[in-house]
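Peer 1: Take a look at this one; I'll ask things after.
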Amino acid sequence: MDSVSTSAPQLSEMSPYDPKYLPAKILLSANESPYDLPDEVRTCIKERLGTLKLNRYPAPLANELRDEIAKANNLSREEVLVGNGGDELLFNLSLAWGGSGRTFLNMPPSFSVYETNARLTQTQVRNIPRTDTFAIDEEAVMNCIVTESINGIIVASPNNPSGNLADYHFLEKLLAATDALVLVDEAYVEFSQQSLLPLLKKHKNLILLRTFSKAYRLAGLRLGYVLADKEVITELIKVRQPYSSDAVSQMIGCCALRYRESFQSGIAKTIKERSFVYERLQELPGVKAYPSEANYILFKVDEAPVIWEELYKRGVLIRDFSETPLLTNCLRVSIGSTEENREFLNALEQILQERSAV
Ligand SMILES: *Cc1c(COP(=O)(O)O)cnc(C)c1O
């Protein structure tokens with residue numbers, strides 16, 4: 001055959017996800033940690049790698065790691081599920097709570113994966129746009145959940161790419177007012193001052209998403225987890241790929257959690273650098289930076305695509321969101337090491353100076 005039948009109809013308007021991850025000297029586009037793993041974690045990995053039975057399938061539900069995660073969050077194993085990155089768990093959520101005839105409430109601009117997953121699973125998306133400072137339109141959301149039929153809600157807090165938290169009391173009110181499953185995406189929770197964890201026991205419809213990719217410096221693995229009521233976890237297990245988390249990732253996740261205190265200094269450094277980068281961005285003429293509780297900062301600047309290109313020419317890769325709806329002229333920079341942040345700021349300052357001179 002030199003032809004093939006058409007793929008599923010929901011794919012026809014879609015294009016493959018492009019993270020725009022280009023080679024560069026300074027990588028500040030993907031919100032990774034700039035730091036290598038702590039020594040004690042490296043040692044733990046080396047010790048355990050020697051005894052891993054790689055000819056055998058991994059523990060199907062990653063129970064040892066589930067127990068470690070449960071312990072760290074004061075929960076039980078049944079309230080935890082591990083996935084092949086947080087992204088896989090988001091997809092599982094769409095499979096388990098979405099589908100045709102069902103509706104997801106989304107608050108753009110936010111993480112694009114939410115809408116992609118909804119499309120793939122033929123779930124309808126009800127978008128309630130954020131305000132011009134990326135705050136949730138709380139009144140519109142509360143109104144929507146009482147007047148429309150909503151099966152699932154996703155709130156990123158801190159939001160990606162804007163960096164701001166959702167208001168705790170608003171989320172509490174939302175959880176009480178709807179029986180829709182509310183996923184609070186806490187991928188960046190370690191850099192913020194707020195988690196919804198204290199509400200988990202009170203609200204059966206709350207599910208928290210976490211990842212090892214950001215504060216735990218393990219983006220090279222694919223490892224994320226959710227915390228939720230055990231009945232919610234059971235539904236997610238039904239749609240999950242049987243061996244989605246491999247043995248190496250499970251083992252490394254256990255080492256990271258065992259020595260989780262050793263990640264604290266890196267988190268503190270990132271938070272300190274975030275203030276520095278934010279202040280410097282604010283001082284640059286023509287730049288509007290948005291306050292962030294995560295390990296990145298969104299900023300607005302005229303001719304953002306040109307600025308992005310000029311930064312890239314100077315070896316600095318950041319993320320261009322200027323083509324995304326509601327994010328005209330917005331760029332996002334991840335917080336890197338002290339040196340990387342200064343190189344980025346100096347390059348940006350130089351570019352802005354050169355452009356204002358012509
Ligand atoms: C990075 C990220 C995730 C999960 O990433 P994984 O690497 O797949 O674990 C989830 N949500 C948001 C908002 C993120 O930025």
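Peer 1: Counting only residues that are within 27 Å of Glu32 (Cα to Cα), within 16 Å of the ligand (Cβ to nearest atom) and at pLDDT 95 or above, give me the helices (runs of 4 or more DSSP H) lying completely in the stretch 95-213 with at least 2 of them.
Peer 2: 113-120
Peer 1: Taking the condition of being more than 16 Å from the ligand (Cβ to nearest atom) and within 16 Å of Leu223 (Cα to Cα), how many residues in the stretch 42-65 meet it?
Peer 2: Here the count works out to 7.
Peer 1: From Tyr17, Tyr21, Tyr35, grab the single residue that is closer than 22 Å to Arg222 by Cβ, assigned to a loop (DSSP other than H, G, I, E, B) and away from the ligand (no atom under 16 Å from the Cβ).
Peer 2: On the way: Tyr17 fails: away from the ligand (no atom under 16 Å from the Cβ); Tyr21 fails: away from the ligand (no atom under 16 Å from the Cβ).
Testing whether each residue is closer than 22 Å to Arg222 by Cβ, assigned to a loop (DSSP other than H, G, I, E, B) and away from the ligand (no atom under 16 Å from the Cβ) leaves just Tyr35.
Peer 1: Scan the stretch 214-242 for residues that are near the ligand (Cβ under 8 Å from one of its atoms), more than 22 Å from Leu197 (Cα to Cα) and charged (D, E, K, R) and report the count.
Peer 2: 1
Peer 1: When the stretch 326-355 is examined, which residues are found to be out of contact with any Pro (no Cβ under 7 Å at 6 or more places or on another chain) and open to solvent by 60 Å² or more (accessible area, probe 1.4 Å)?
Peer 2: Scanning the stretch 326-355 gives Thr328, Glu339, Arg342, Glu343, Asn346, Glu349, Gln350, Gln353, Glu354, Arg355.
Peer 1: Restricting to the stretch 1-36, give me the number of residues that are of a type in the set (Asp, Glu) and either modelled with pLDDT of 95 or more or open to solvent by less than 70 Å² (accessible area, probe 1.4 Å) (or both). Steps first, answer last, please.
Peer 2: Within the stretch 1-36, the subset of a type in the set (Asp, Glu) is 2, 13, 18, 32, 36.
Then drop every residue that is not either modelled with pLDDT of 95 or more or open to solvent by less than 70 Å² (accessible area, probe 1.4 Å) (or both), which leaves 2, 32, 36.
So the count comes out to 3.
Peer 1: Quick test for you: out of Leu81, Leu89, Leu105, Leu171, pick the one residue that is open to solvent by less than 10 Å² (accessible area, probe 1.4 Å), under 27 Å from Ser334 (Cα atoms) and in contact with a strand residue (DSSP E or B) (Cβ under 6 Å, 6 or more places away or on another chain).
Peer 2: When all the criteria are applied, what remains is Leu89.
Peer 1: Another question about this same structure. Of the residues that make up the stretch 125-143, is at least one within 21 Å of the chain's Cα centre (by Cα) and at positive phi?
Peer 2: Yes, the stretch 125-143 has at least one match.
Peer 1: Look through Lys288, Lys300, Lys313 and report the one residue that is touching a Cys at 6+ places or on another chain (Cβ under 7 Å) and more than 30 Å from Val82 (Cβ to Cβ). Explain how you work it out, then say what you get.
Peer 2: On the way: Lys288 fails: touching a Cys at 6+ places or on another chain (Cβ under 7 Å); Lys313 fails: touching a Cys at 6+ places or on another chain (Cβ under 7 Å).
Testing whether each residue is touching a Cys at 6+ places or on another chain (Cβ under 7 Å) and more than 30 Å from Val82 (Cβ to Cβ) leaves just Lys300.
Peer 1: Looking only at residues that are over 15 Å from Arg260 (Cβ atoms) and either modelled with pLDDT under 95 or open to solvent by less than 10 Å² (accessible area, probe 1.4 Å) (or both) in the stretch 214-226, which one is farthest from the chain's Cα centre (by Cα)?
Peer 2: It comes out as Val226.
Peer 1: Turning to a different aspect of this structure: How many residues, within the stretch 60-74, are open to solvent by less than 30 Å² (accessible area, probe 1.4 Å) and touching a residue at least 12 places away in the same chain (Cβ under 8 Å)?
Peer 2: Residues flagged as open to solvent by less than 30 Å² (accessible area, probe 1.4 Å) and touching a residue at least 12 places away in the same chain (Cβ under 8 Å) within the stretch 60-74 amount to 5.
Peer 1: Oh, and also: So Val82 passes all but one of these: (1) farther than 21 Å from Ile154 by Cα; (2) part of a strand (DSSP E or B); (3) of a type outside the set (Asp, Glu). Which condition number does it fail?
Peer 2: Condition not satisfied by Val82: (1).
Peer 1: How about the stretch 235-291: which of its residues are open to solvent by 20 Å² or more (accessible area, probe 1.4 Å), more than 22 Å from Ala62 (Cβ to Cβ) and either touching a strand residue (DSSP E or B) at 6+ places or on another chain (Cβ under 8 Å) or part of a strand (DSSP E or B) (or both)?
Peer 2: Arg274, Tyr278, Gln282, Gly286, Lys288, listed by residue number.
Peer 1: Consider Gly152 against the criteria (1) touching a residue at least 40 places away in the same chain (Cβ under 8 Å); (2) open to solvent by 10 Å² or more (accessible area, probe 1.4 Å): it satisfies all of them except one. Which criterion is unmet?
Peer 2: (2)
Peer 1: Something else now. What are the pairs, 6+ residues apart or on separate chains, where a residue within the stretch 301-324 that is more than 16 Å from Tyr21 (Cβ to Cβ) has its Cβ under 6 Å from a residue that is not hydrophobic (A, V, I, L, M, F, W, C) and not in a loop (DSSP other than H, G, I, E, B)?
Peer 2: Qualifying pairs under 6 Å: Ser322/Pro305.
Peer 1: What pairs can you find where one residue is in the stretch 38-55 and open to solvent by less than 70 Å² (accessible area, probe 1.4 Å), the other is aromatic (Phe, Trp, Tyr), and their Cβ atoms are less than 6 Å apart, with a gap of 6+ or different chains?
Peer 2: Between residues of the stretch 38-55 that are open to solvent by less than 70 Å² (accessible area, probe 1.4 Å) and residues that are aromatic (Phe, Trp, Tyr), the close pairs are Val41/Tyr259.
The values are calculated or read from the model by the stated rules, or taken from the named source; none is laboratory data. The structure displayed is predicted, hence computed values, not measured ones. Glycine gets a Cβ as well: all are built from the backbone with ideal geometry, and neighbour counts include every protein chain shown. Side chains included, ligands, DNA and RNA excluded: accessible areas come from the protein's heavy atoms. Shrake-Rupley method; radii C 1.70, N 1.55, O 1.52, S 1.80 Å.
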